[in-house]
Amino acid sequence: MGLVERSAALARRLLPERMLEGVDRRLLSTGILLSAEEYVGICLLLSLVGGAVAGVLGLLLLSPPLLPPLFLLGLLGTFLLGTFGVPPYLTQRRAARLERELPDALRQMASTLRAGMSIDVAMEEVAKSGYGILSAEFERALAEVRRGRPLVEALWALSVRSGSPLCERAFGLLIEGIERGVALADVLQAVARDIGEVHALQRERKAATTQQVLFLVAVSLFASPFILGLTVSIGGAGGGVRMPEGMDLIVLGYTLIQASLCALAVGIVRYGKVSKGLTFLLPFAVASAAVFRLSGFLV
């Protein structure tokens, strides 16, 4: 039995079945061809590496008494990040690629339908075209139809696997058009136009919020940690009074809290959701802590 199989068996024994089912659902939209047990087992192995790295960094940059708690924190943080953070991130990236190719694919399907072809032929044309993972998803849906699965169910499964609200809406309208027998070419053309407008609004939002995001990043990742690190290292902001014992850890904690809050603010400003900022928590915290310690080394 290999290392991955052993870790998968350990994951089955340690974690509840409901949690593994949730991980399996999240992996459905990532393109990762692993079972939930195998993926969680790999996360368990990587968490040991993360804990060891966190402990070594704590020993080198902070103080030896902090090695055990930092090891546990790194172990737990790596496991939670791999299990609950990486799949949503991969799903988001994959959904963005699907959404980028979807309008052109829908317009091609509409042109094929107007030429008198069936919906199966239109899907096959998209599967043979160069739309990346979207073509692969259409090919998978066609393979399911050839094995006897109803077309509506295959399209619905495709929309669920996409992990994209836009794709779910588009395929939901397509399924509704198939069930009601309306002109699918007009439906596909309208949906493609709507998706293009949504993409235009998203680009405008990013352009309008770029300045605010850059300000938050500059303050939380560079300016504030650097100034606070210099102040603590010099020992009193130029007043000649030494900092109390442990003040550097308190200021470091404040820096990490500030970086975390700025990460959440980036999620609100750029995407309009606090949950989007959770993906920036770890990078912001690591970068701010590194700048804080780097300023101390410069002194």
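The values are calculated or read from the model by the stated rules, or taken from the named source; none is laboratory data. Computed from a prediction, not measured in an experiment: that's the story for all the values here. Using ideal geometry, Cβ is built from the backbone for each residue, glycine included, and neighbour counts are taken over all protein chains shown.
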>> Looking at 158, 230, can you tell me which residue is at pLDDT 85 or above, among the aliphatic types (A, V, I, L, M) and either outside the structural domain of residue 269 (by TED's automatic domain parsing) or surrounded by 15 or more Cβ atoms within 10 Å (Cβ to Cβ) (or both)?
In response: 158
> Between residues in the range 165-187 that are in contact (Cβ under 8 Å) with a residue 12 or more places away in the chain and residues that are of a type in the set (D, E, K, R) and surrounded by 14 or more Cβ atoms within 10 Å (Cβ to Cβ), which pairs lie under 8 Å by C-beta distance while being six or more apart or on different chains?
Replying inline: 166/99; 167/99; 185/114
>> So in the range 167-177, with the set limited to residues that are surrounded by fewer than 21 Cβ atoms within 10 Å (Cβ to Cβ) and in contact with a helix residue (DSSP H, G or I) (Cβ under 6 Å, 6 or more places away or on another chain), which one is nearest to residue 97 (Cα to Cα)?
In response: 168
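Assess whether residue 48 counts as being surrounded by fewer than 17 Cβ atoms within 10 Å (Cβ to Cβ) and either in a loop (DSSP other than H, G, I, E, B) or of a type in the set (Lys, Arg) (or both).
Values: surrounded by fewer than 17 Cβ atoms within 10 Å (Cβ to Cβ): yes; either in a loop (DSSP other than H, G, I, E, B) or of a type in the set (Lys, Arg) (or both): no.
Taking the combined requirement at face value, the residue does not satisfy it.
Restricting attention to the range 15-35, and to residues there that are without any contact (Cβ under 8 Å) to a residue 24 or more places away in the chain and hydrophobic (A, V, I, L, M, F, W, C), which single residue is nearest to residue 140 (Cα to Cα)? Show your work before the answer.
Step one: filter the range 15-35 for residues without any contact (Cβ under 8 Å) to a residue 24 or more places away in the chain, giving 16-22, 24-25, 33-34.
Subset that is hydrophobic (A, V, I, L, M, F, W, C): 19-20, 33-34.
Details: 19: 27, 20: 25, 33: 14, 34: 17 Å.
Residue satisfying both the conditions and the ranking: 33.
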>> Among the residues of the range 249-299, what is the count of those that are closer than 15 Å to residue 228 by Cβ, β-branched (Val, Ile, Thr) and in contact with a helix residue (DSSP H, G or I) (Cβ under 8 Å, 6 or more places away or on another chain)?
In response: 4
>> Going by what's in this entry, would residue 98 be described as aliphatic (A, V, I, L, M) and modelled with pLDDT under 85?
In response: no
